[in-house]
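The values are calculated or read from the model by the stated rules, or taken from the named source; none is laboratory data. Predicted model only: the values in this text are computed from it and were never measured. Glycine also receives a Cβ, built like all others from the backbone with ideal geometry; neighbour counts cover every protein chain displayed.
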Amino acid sequence: MKQTYTFLLFLLIACFSCAQKITSTKVVPFTYTTEVVVPELNIPWGFTFLPDNSILITEKSGELIHFKDGKKTNVAGMPAVTVRGQGGLLDIELHPNYKENKRIYFTYASSKGSERGVNTALMSAVFKDGILSNQKVLYKAAPNSRKGQHFGSRIAFDSKNRIYFSVGDRGNRDVNPQDITRDCGKIYRLNDDGSIPKDNPFVGVENAKEAIFTYGNRNPQGMETNPFTGEIWAHEHGPKGGDEINIIKKGKNYGWPVISYGINYSGTKFTDITAKEGMEQPLHYWDPSIAPSGMAFVNSDKYPTWKGNVLIGSLKFKYIANCYLKEGKVVKEEKILENLGRVRSIEQGNDGYLYAGIESLGIVKIIPN
């Protein structure tokens, strides 16, 4: 109510001061309804639309679901997925040339390796006629860990069809994120066949993991290519406070856990600084934490007042943060889709409509009135 009053007051002042130009003013609020288009999903970590508008959906429990013509079918040919804590079957994306090569990419918790425990893996496969074939593990973070937190993981492609994916720090904040010779607490970049781009920032650095693109990340669970700029944007969970949105830049250090706007869950501090030379500042941060998951840019004409915004799901508070951007900064936030459930994933469909994966509900379509 307070925001509406302020907006109306501004318009009233504008009418009086510019009376010679404005003859009438009508405020038309943007309203929408929601429709559950894929019901009865538990934790739809990620989903993506195929060219025929059917949907591939990852359930954290390990099932890859193909939703077509109102029916859900489990896809055959999936690898063994270990469900541990926050780990399981995670994100999914189509290759930009999917119509020609039928390739999909997904991340999941895998127990492959000599150590006990699990870690995040990236796999590519061909999806055709409801079956996966030509499965190939492109990257497997090591070593395995028996901890259950901070697997990441999201996937994005750039304009050169290089694939970016995130792996959280796996709960080992004081060792993994700041060490480029170790996996975890990183965002990685590979060519679409799994090879390492020659211009990756740490190629040739002694003992470095050459797939690393950025480091000092905590637990990124949102990543998307900005359709207006081509930049890779990501967000990540802070501890208690300090959730961040970042623009991902080659070789940069995002500071975790040396700098942070958050504190320990117990209320104690683990760092006294929020900035340090050589470490990136977030584009935006939340305090208190919203527990962000999923991310989508709005570039559809179906939402004229939202076009150019970025949407961030909140697991903790059960809404989508609709973030208005100006010159690359968040200048306003509003809550949409409140109280439907924990928002796990967000996508803009081929039809231009926005969709959200809501835990214990399903995939919900946002329909403008």
All positions within region 50-68 that are more than 19 Å from residue 347 (Cα to Cα) and among the charged types (D, E, K, R): 63
Of the residues in region 58-83 that are assigned to a strand (DSSP E or B) and touching a Lys or Arg at 6+ places or on another chain (Cβ under 8 Å), the one that is farthest from residue 168 (Cα to Cα) is 66
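One line per residue, one yes/no per condition, for (1) closer than 17 Å to residue 131 by Cα; (2) under 18 Å from the mean Cα position of the chain (by Cα):
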| site | (1), (2) |
| --- | --- |
| 32 | no, no |
| 43 | no, yes |
| 46 | no, yes |
| 52 | yes, no |
| 58 | yes, yes |
| 62 | yes, no |
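Tell me which residues, restricted to region 342-369, are part of a loop (DSSP other than H, G, I, E, B) and farther than 12 Å from residue 45 by Cβ.
Passing the criteria: 349, 350, 351, 352, 353, 360, 361, 369.
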Which of the residues that make up region 158-193 are within 12 Å of residue 91 (Cβ to Cβ) and in contact with a His (Cβ under 9 Å, 6 or more places away or on another chain)? 163, 167
Answer yes or no: is there a residue in region 204-218 that is among the basic types (Lys, Arg), at pLDDT 95 or above and under 16 Å from the mean Cα position of the chain (by Cα). yes
Search region 120-143 for residues being part of a loop (DSSP other than H, G, I, E, B) and either under 23 Å from the mean Cα position of the chain (by Cα) or among the acidic types (Asp, Glu) (or both), and hand back the single one that is nearest to residue 233 (Cα to Cα). 141
For the structure I just gave you, tell me whether residue 102 is farther than 21 Å from residue 42 by Cβ, in contact with a Lys or Arg (Cβ under 6 Å, 6 or more places away or on another chain) and of a type outside the set (Val, Ile, Thr). yes
Tabulated pairs, region 242-268, first without any contact (Cβ under 8 Å) to a residue 24 or more places away in the chain and of a type in the set (Ser, Thr, Tyr), second surrounded by fewer than 18 Cβ atoms within 10 Å (Cβ to Cβ) and not in a loop (DSSP other than H, G, I, E, B), C-beta under 9 angstrom, 6+ apart or interchain: 266/240
Are any residues in region 134-160 among the β-branched types (Val, Ile, Thr) and crowded, with 18+ Cβ neighbours inside 10 Å, and if so, which ones? 155
Would you say residue 94 is surrounded by 17 or more Cβ atoms within 10 Å (Cβ to Cβ) and farther than 19 Å from residue 149 by Cα? yes
Filtering region 99-116 down to residues that are surrounded by fewer than 17 Cβ atoms within 10 Å (Cβ to Cβ) and not acidic (Asp, Glu) yields 99, 101, 111, 112, 113, 114, 116
Which count do you get for residues in region 97-119 that are farther than 14 Å from residue 192 by Cα, part of a loop (DSSP other than H, G, I, E, B) and charged (D, E, K, R)? 3
So is residue 171 touching a residue at least 24 places away in the same chain (Cβ under 8 Å), under 16 Å from residue 256 (Cα atoms) and surrounded by fewer than 23 Cβ atoms within 10 Å (Cβ to Cβ) or not? yes
Note: among 136, 160, 140, 99, just one is over 18 Å from residue 190 (Cα atoms) and at pLDDT 95 or above, namely 99
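Just to be sure, is residue 100 under 24 Å from residue 235 (Cα atoms), free of Cβ contacts under 8 Å to residues at least 40 places away in the same chain and among the charged types (D, E, K, R)?
When the stated conditions are applied, residue 100 does not pass them.
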Report every pair of residues separated by at least 6 positions or lying on different chains whose Cβ atoms are under 7 Å apart, first residue within region 214-231 and at positive phi, second crowded, with 24+ Cβ neighbours inside 10 Å and among the hydrophobic types (A, V, I, L, M, F, W, C). 216/256
